[in-house]
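Here is the structure we will look at.
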Amino acid sequence: MDHFRPVRGVLHAEGVSLERLAARVGTPTYVYSEATLRRHYRVVDQAFGGAPHLVCYSVKASGNLALLASLARWGSGFDVVSGGELARVLAAGGDPGRTVFAGVGKTEAEMAFALRTGIGMFNVESAEELEALDRVGRRLRRRAPFAIRVNPGVDAGTHRHISTGLPTSKFGVPFEEARRLYTRARRMRGLRARGVDCHIGSQLTRLGPLAAALRQVAGLYRVLRAEGHPLEWLDVGGGLGIRYRDEEPPSPDRWAATVRAATRDTEATVLVEPGRVLVGNAGVLLTRVLYRKRAGGRTLVVVDAGMNDLLRPALYGAEHAIVPVRARRGRSRVVDVVGPVCESTDVLGRDRRLVLPEAGELLAIRGAGAYGMSMASTYNGRPRPAEVLVSGKRARVVRRRERVEDLWRGEAAGR
């Protein structure tokens, strides 16, 4: 469910006309609905009922400070994968003690920064990373709280670019290696075991692989606790999918029930790290039609947003619904919606049935809140879009549109 709905034929974000908003702010522009984000957060949080749990929003999905600040006010923790994302959480008022630091390539400088802030837990993904974290802990005379990220060798059944639990994945370590690392860590003065971690992939639409992985991880958690490791947190990752076009992902209630069934009797506080399911359908990308043309028997609609603004279609073959902001009557036809970037992969939507859009017409790309702006770039010398947060009848620019001169900020042209 989201709060983007037509009012008298014009698509609105809550109480704000997207047509009027685009006229004021320009395009391309990301627009987020705070009511949608709030509802999605509460649905996920309430799905776990009274069971000990902590929702840690995955910042990489969309890291605008306004979104993070809202989530922090509602009680969310955070999942970060870099020092930069942790700095964003702190700038937005997030609690570092309710934040998990994941990622396979943390530097010692990032580790030190996180440890000084009072990070809740590091998710460690290799033996050498564990040794580095121990060095940092001893240097700062602190014990770094950690979990080992376990790779369960489970195929999540999602796109290969976002499946992270396979034996060939760069993420995590096998079960037996994880047990050895926990044993080694007991002799390391800069470490404190706090949990166990697992994450098998993103855009999950089936619960069977998740259940299989979590049964293994919960079993390991119980064994480690029995061996005397002072564990508190069982991090089960995120990855719950959303509907972009015709997917049928499980509901948050079914997902939570699967997690709770697999982790019962562990006495752990369960950490979940949703990103896409919270913010994906809370955002749209507004874009204007520039031109129409025919090529190879196909009708192309050229718009002012490109793969630098929304990379997912080019990177994953992702399909986002594309709709006119103002409904028009007429005979629909099949078109390809393409961007202006000089790459053949800059296609935002293939084979879309639309009343042929006219030059200047405004389109909305739905489900663009996750991995949209966070993956945007300045490729082809294109400034990144503006971002707007809508709350009721109020629309606030929460990131101004980049200017052309921003593109070379920090560069030097002279000798």
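The table below lists the values:
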read-out: Matching residues, the stretch 346-370, being over 13 Å from Tyr244 (Cα atoms) and either outside any strand (DSSP E or B) or at pLDDT below 95 (or both); value: Asp346, Leu356, Pro357, Glu358, Ala359, Gly360, Glu361
read-out: Odd one out for Val217, checked against (1) surrounded by 15 or more Cβ atoms within 10 Å (Cβ to Cβ); (2) among the β-branched types (Val, Ile, Thr); (3) modelled with pLDDT under 90; value: (3)
read-out: Count of residues meeting criterion [within 23 Å of Gly241 (Cα to Cα) and out of contact with any Leu (no Cβ under 9 Å at 6 or more places or on another chain)] in the stretch 10-35; value: 1
read-out: Single residue of Val325, Val303, Val334 found to be aliphatic (A, V, I, L, M), touching a helix residue (DSSP H, G or I) at 6+ places or on another chain (Cβ under 8 Å) and more than 29 Å from Leu204 (Cα to Cα); value: Val325
read-out: Subset of the stretch 95-113 (residues that are buried (at least 22 other Cβ atoms within 10 Å of the Cβ) and touching a Lys or Arg at 6+ places or on another chain (Cβ under 8 Å)); value: Ala102
read-out: Matching residues, the stretch 266-306, being among the β-branched types (Val, Ile, Thr) and in a strand (DSSP E or B); value: Thr269, Val270, Val272, Val284, Thr287, Val289, Thr299, Val301, Val302, Val303
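Conditions tested, residue by residue: (1) over 30 Å from Arg326 (Cα atoms); (2) surrounded by fewer than 22 Cβ atoms within 10 Å (Cβ to Cβ).
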site: Ala23; (1), (2): no, yes
site: Pro28; (1), (2): no, no
site: Val31; (1), (2): no, no
site: Pro52; (1), (2): yes, yes
site: Ser58; (1), (2): yes, no
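The values are calculated or read from the model by the stated rules, or taken from the named source; none is laboratory data. Because the structure is a prediction, the values reported are computed rather than measured. Don't worry about glycine lacking a Cβ; one is built from the backbone with ideal geometry, like all the others, and counts go over all protein chains shown.
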